[in-house]
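Data first, discussion second: the structure below is written as structure tokens.
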Amino acid sequence: MNIGDVLKPGGRGVIGTASKAGVVNMAVYAVPHVVDDNTIAWGMTDGRTWNNVRENPNASYTYFATGEGFHGTRLTLSLSRTEDSGEMLAKIRQRTAATSPGNPQEVKHVAYFKVVETRPLV
């Protein structure tokens, strides 16, 4: 499956993470940046999701495509690396400024995830 064909702009999703102690956090996240067929990336603030992925590299993302019905996918993810500066962070901040009411400068990190598994939404 080509992950770029599934994760279309305009959709939204929920990322699920857990701390080292197993405390779960769910957060609404935009469509990630598709790096390649096996890698996606998000910008992150200094919040629970960022703290959790640093403690526990396993995460999941449920993506809901725009339109009628239940279209999308479920991704099982594993954190592969992070960055606190660079081209991808600048790109994410620019996209945040154009599409989100939040302050793009609060996005301080980029988290890259390997897509371990994809499953249908329903």
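Return the sequence-ordered ³J(HN,Hα) values of segment 19-31 in whole Hz as given by the Karplus equation 6.51 cos²θ - 1.76 cosθ + 1.60 applied to θ = phi - 60°, using x for Gly and Pro.
Computed from phi, the couplings for segment 19-31 are 6, 4, 7, x, 6, 7, 9, 10, 9, 6, 9, 5, 5 Hz.
Between residue 56 and residue 98, what length comes free when the chain is fully extended (0.36 nm per residue of separation minus the Cα-Cα distance, one decimal in nm)?
Separation in residues times 0.36 nm, less the Cα-Cα distance, equals 12.0 nm.
Kindly write out, for segment 68-85 in residue order, the coupling ³J(HN,Hα) from the Karplus curve 6.51 cos²θ - 1.76 cosθ + 1.60 (θ = phi - 60°), rounded to whole Hz, with x marking Gly and Pro.
Per residue, the Karplus-derived 3J(HN,Hα) values read 6, x, 10, 10, x, 7, 10, 10, 9, 10, 9, 4, 9, 6, 9, 9, 10, 6 Hz.
For residue 87 and residue 20 in one chain, what is 0.36 nm times their gap in residues minus the Cα-Cα distance, to one decimal in nm?
Details: separation 67, 0.36 × 67 = 24.12 nm, distance 2.99 nm.
21.1 nm is the gain from fully extending residue 87 to residue 20.
Taking the simple approach of a point 7 Å from Cα along Cα-to-Cβ for both residue 80 and residue 108, what is their distance in nm?
The modelled label-to-label distance comes out at 2.6 nm.
List every residue whose amide H lies under 5 Å from the amide H of residue 58, counting only residues 5 or more places away in sequence or on a different chain, with H placed 1.01 Å from N in the peptide plane.
Amide H to amide H, under 5 Å and 5 or more residues apart or across chains, residue 58 pairs with 79.
Restricting things to alpha carbons, find the Rg to Rh ratio for the chain using the Kirkwood radius for Rh.
Looking at the chain, the ratio lands at 0.94.
Accessible area of segment 44-94 with a 1.4 Å probe: how many percent of it is carbon plus sulfur?
44
The values are calculated or read from the model by the stated rules, or taken from the named source; none is laboratory data. Just so you know, these numbers come straight off a predicted model, no measurement behind them. A quick note on method: Cβ atoms are made from the backbone with ideal geometry, for glycine too, and the neighbour counts reach across all protein chains shown. Surface accessibility is based on the protein's heavy atoms, side chains included, excluding ligands, DNA and RNA. Shrake-Rupley method; radii C 1.70, N 1.55, O 1.52, S 1.80 Å.
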